Number of protein chains: 2
Amino acid sequence: MDYEQILKERNLSLTSVRLAVLEALEQHPHSEAGVLFKIVHKKIKTTSKQAIYNNLNMMVEHGIIREIKPKGQPSLYETKVGDNHHHIVCRSCQKVMDTDCHSLAPCLSPKISHGFVIDEAEVTFWGTCPSCQKSKGDKNEQH
Amino acid sequence: MDYEQILKERNLSLTSVRLAVLEALEQHPHSEAGVLFKIVHKKIKTTSKQAIYNNLNMMVEHGIIREIKPKGQPSLYETKVGDNHHHIVCRSCQKVMDTDCHSLAPCLSPKISHGFVIDEAEVTFWGTCPSCQKSKGDKNEQH
DNA sequence: GCAATAAAATTGATTGACTCAATATTTTTA
DNA sequence: TAAAAATATTGAGTCAATCAATTTTATTGC
Ligand SMILES: [Mn+2]
Ligand SMILES: [Mn+2]
Ligand SMILES: [Zn+2]
Ligand SMILES: [Zn+2]
């Protein structure tokens, strides 16, 4: 994806750190700031964690990237935006996977809205991933 | 609700702090630990924040209470458990409201499960509450 | 291109939610 | 009611994230 273009369209400065964060995010979806810092740091030795945080926050505000925050994990980021997709999180290893909605504009109608004007439905599925299912099986066998 | 009974059934010690936390939670659903500490502290002057955290965590593990963690807020707790209800959060004032599911076992089937065994679907609706809609209107009128 | 200006990056301190671990107190058991 | 187990208190510590001052980099206008 042409992030230079996306940034220019919004009159955002084109900086090395910003582009490196987007590249890292594209290759490692659902990453936290610390992980992104490590990846960017390989390329740009002088970068700082603060720069990563600043850029992530700024790009979230501009809708260029998305932030999710599953319980028990720091904020995770991804470049997949505007498609209202949902997430599956493993209770044992915290792995996060994408899953689409059943319908196009799906869950935007709660049963009782309390007068709220709803603009987003965030769905997190919790469960056990395939590899954790296996290791749990192994553990049980040893009993 | 008879929390003494609930605790006894699970062979959990019956302590003053624990009961006070449950009582506070029942009267103030979706409260964070700090708020609960203040409420409990009025009754039990010697209590500590750590005791609140310990009890909250322990009771969450036992399924006596539920923890939710909307993005941008500390963990919130409630005694309403086992009904798979969802939440509506106001983007401006962070108010949290309950909303039921449309069906009884609703969202437990994502479109693509990636082999995960799903046990819970957590749904958070984001929007603007009635009073924030009004104050936003007021603001706009002044432009 | 180059100076002026604006935006972003760096650095170090700071916050806030939450946890850890040692000791003291309370609750349960028998 | 004494012994054992569970919980509470206290103080230190962790970690993600933010704030703010200064320096560096990017953009704008010439
Ligand atoms: Mn995703
Ligand atoms: Mn609720
Ligand atoms: Zn897993
Ligand atoms: Zn509101």
### Message
Taking the conditions exactly as written (within 16 Å of ligand 1 (Cβ to nearest atom) and either within 14 Å of chain A (Cβ to nearest Cβ) or in contact with a Leu (Cβ under 7 Å, 6 or more places away or on another chain) (or both)), does B:Pro70 satisfy them or not?
### Response
no
### Task
Please go through segment B:70-79 and pick out each residue that is without any contact (Cβ under 8 Å) to a residue 60 or more places away in the chain and either away from ligand 2 (no atom under 12 Å from the Cβ) or within 26 Å of B:Glu9 (Cα to Cα) (or both).
B:Lys71, B:Gly72, B:Gln73, B:Pro74, B:Ser75, B:Leu76, B:Tyr77, B:Glu78
### Message
Kindly evaluate B:Cys90 against the criterion of being modelled with pLDDT of 90 or more, facing chain A (nearest Cβ under 10 Å) and away from ligand 2 (no atom under 16 Å from the Cβ).
### Response
no
### Message
Quick check on B:Gly115: is it among the small types (Gly, Ala, Ser) and touching an Asp or Glu at 6+ places or on another chain (Cβ under 9 Å)?
### Response
no
### Task
Please go through segment A:1-53 and pick out each residue that is more than 15 Å from A:Thr79 (Cα to Cα), of a type in the set (Gly, Ala, Ser) and in a helix (DSSP H, G or I).
A:Ser16, A:Gly34, A:Ala51
### Query
among the aliphatic types (A, V, I, L, M) and assigned by TED's automatic domain parsing to the domain that holds A:Cys129, is that true of A:Ile88?
yes
### Query
Picking from A:Ile64, A:Ile39, A:Ile68, which residue would you name as being within 11 Å of DNA strand D (Cβ to nearest atom) and among the β-branched types (Val, Ile, Thr)?
A:Ile68
### Message
Regarding segment A:43-53, can at least one residue be identified that is out of contact with any Gly (no Cβ under 9 Å at 6 or more places or on another chain), crowded, with 16+ Cβ neighbours inside 10 Å and within 14 Å of chain B (Cβ to nearest Cβ)?
### Response
no
### Task
Assess whether B:Glu9 counts as being free of Cβ contacts under 8 Å to residues at least 12 places away in the same chain, within 14 Å of chain A (Cβ to nearest Cβ) and over 30 Å from A:Glu61 (Cα atoms).
no
### Task
Taking the options A:Val96, A:Val60, A:Val17, A:Val40, name whichever one is surrounded by 13 or more Cβ atoms within 10 Å (Cβ to Cβ), aliphatic (A, V, I, L, M) and either away from DNA strand C (no atom under 16 Å from the Cβ) or at pLDDT below 95 (or both).
A:Val96
### Hey, B:Ala121 hydrophobic (A, V, I, L, M, F, W, C) and outside the structural domain of B:Met1 (by TED's automatic domain parsing) or not
yes
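The values are calculated or read from the model by the stated rules, or taken from the named source; none is laboratory data. Given the structure is predicted, the values throughout are model-derived calculations rather than measurements. Cβ atoms come from the backbone with ideal geometry, glycine included; neighbour counts cover every protein chain shown.
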